[in-house]
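The values are calculated or read from the model by the stated rules, or taken from the named source; none is laboratory data. Here the structure is a predicted model, which means the values were calculated and not measured. Cβ: placed from backbone, ideal geometry, glycine included. Neighbour counts: every protein chain shown.
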2 protein chains.
Amino acid sequence: MNKIITIGREFGSGGRELARLIAQRLNFAYYDREIISEIAKRTSLSEQYVQNVAEHKPVIPFPIHTGRTFWAVIPDYGQNVQKEQHDIIRELAGKSDCVIVGRGADYILRDEKPFRIFVYSDDESKLKRCREKNTEDYAQGGELSDKELTKRIEQINRARAEYYEFYTGQKWGSKSNYDLCVNTSRFSDFERLAQAVASMI
Amino acid sequence: MNKIITIGREFGSGGRELARLIAQRLNFAYYDREIISEIAKRTSLSEQYVQNVAEHKPVIPFPIHTGRTFWAVIPDYGQNVQKEQHDIIRELAGKSDCVIVGRGADYILRDEKPFRIFVYSDDESKLKRCREKNTEDYAQGGELSDKELTKRIEQINRARAEYYEFYTGQKWGSKSNYDLCVNTSRFSDFERLAQAVASMI
């Protein structure tokens, strides 16, 4: 059976960078935005639309209980995208050892017993990281005050939590759902951290 | 400044074993029950009494708000023991690089910025570990049914949570209070795990 690592991460914690470094260390395939591109290809939808649908819980005008499947019957509210995402994640996990970032992959692949990592950090540390990076991945907060940027970071993380909880019925970031939780606030050398994590697996 | 590692741990998770291995790896001093013995020596109280008082929140017949100090004024309810514990932990941390297990040391030493680890595991895994070990450290569950032993494990962990929350005002095991949270359910080779954790520090 392939070795699979899933990495959930708070926005601004550097989780994606850490995930990439762990994949490099272990020589595992790395999947993140590649999944969005593949869904777009298969559904002939734009990447932007797919990303929006694939990373947010549906906004629906009536209460609905979806149970715990990933392709709940919600016509016109992203069902196809979720179904494709689910299938693609399972296909990728069947292909080779890999690291998969976000997208509830820990839950989708639960029968494969992936090694489940959650990456988080203190609010102050998130703000600092977003300021330093100032790219699309980091909220492009150049023009924003600290308060505004903090609010944007919180909004993105709230959306991630809602997405995860909607599709899995579990609490996002709750340590009982993970094998390892890493607070990156304390680590400046991500290469070294990635090496240490890789050596656990 | 000395390097200090504090390790909070769920009963039954193997946190103490992991702590000892990390200390060995790093050649750091290791403090756990040694703290109880030292308090007993300084206060002329029995080790058993000290352990009981030092590891449980006081049972008091009236509501009291202690604030966030470790030697709240609770006459006759373990004040001296808590005060000694606080002083000894600070003395030990000042002496050399060290690993300190439990006792809210992460909070007592917060100004020293210790590396704070929390060790936990799934319920099933705790039960299995306690069954296999069957020593005083592991609830001596030889005679108990799985249900009874699980209940005992939960009781001990509830007492730890109450103790921590009483003296620190923070939630025990909440990942935001730690730099690393390790779910030992997934790891069979503690030597290797300890080596990986040690290499992060």
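Within the group A:131, A:110, A:90, A:116, which residue is in contact with a Gly (Cβ under 8 Å, 6 or more places away or on another chain), without any contact (Cβ under 8 Å) to a residue 40 or more places away in the chain and not polar (S, T, N, Q)?
Result of the check over A:131, A:110, A:90, A:116: A:131.
Which of the residues belonging to the stretch A:174-194 are more than 7 Å from chain B (Cβ to nearest Cβ), within 21 Å of residue B:186 (Cβ to Cβ) and in contact (Cβ under 8 Å) with a residue 40 or more places away in the chain?
A:177, A:184, A:194
Under the condition of being at pLDDT 85 or above and part of a loop (DSSP other than H, G, I, E, B), which residue from the stretch A:15-64 is surrounded by the fewest Cβ atoms within 10 Å (Cβ to Cβ)?
Result: A:27.
Taking residue B:110 as the residue in question, decide whether it is farther than 30 Å from residue A:191 by Cβ, of a type in the set (Lys, Arg) and either within 14 Å of chain A (Cβ to nearest Cβ) or in contact with a helix residue (DSSP H, G or I) (Cβ under 8 Å, 6 or more places away or on another chain) (or both).
no
When the stretch A:163-201 is examined, which residues are found to be touching a Gly at 6+ places or on another chain (Cβ under 6 Å) and at pLDDT 95 or above?
If the condition is that a residue be touching a Gly at 6+ places or on another chain (Cβ under 6 Å) and at pLDDT 95 or above, then A:184 is the only one that fits.
All but one of (1) over 26 Å from residue A:190 (Cα atoms); (2) more than 14 Å from chain A (Cβ to nearest Cβ) hold for residue B:99; state the number of the condition that does not hold.
Unmet for residue B:99, out of (1) over 26 Å from residue A:190 (Cα atoms); (2) more than 14 Å from chain A (Cβ to nearest Cβ): (1).
Being more than 9 Å from chain A (Cβ to nearest Cβ) and touching a helix residue (DSSP H, G or I) at 6+ places or on another chain (Cβ under 9 Å) is the filter here, so list the residues in the stretch B:164-173 that pass it.
B:164, B:167, B:168, B:169, B:170, B:171, B:172
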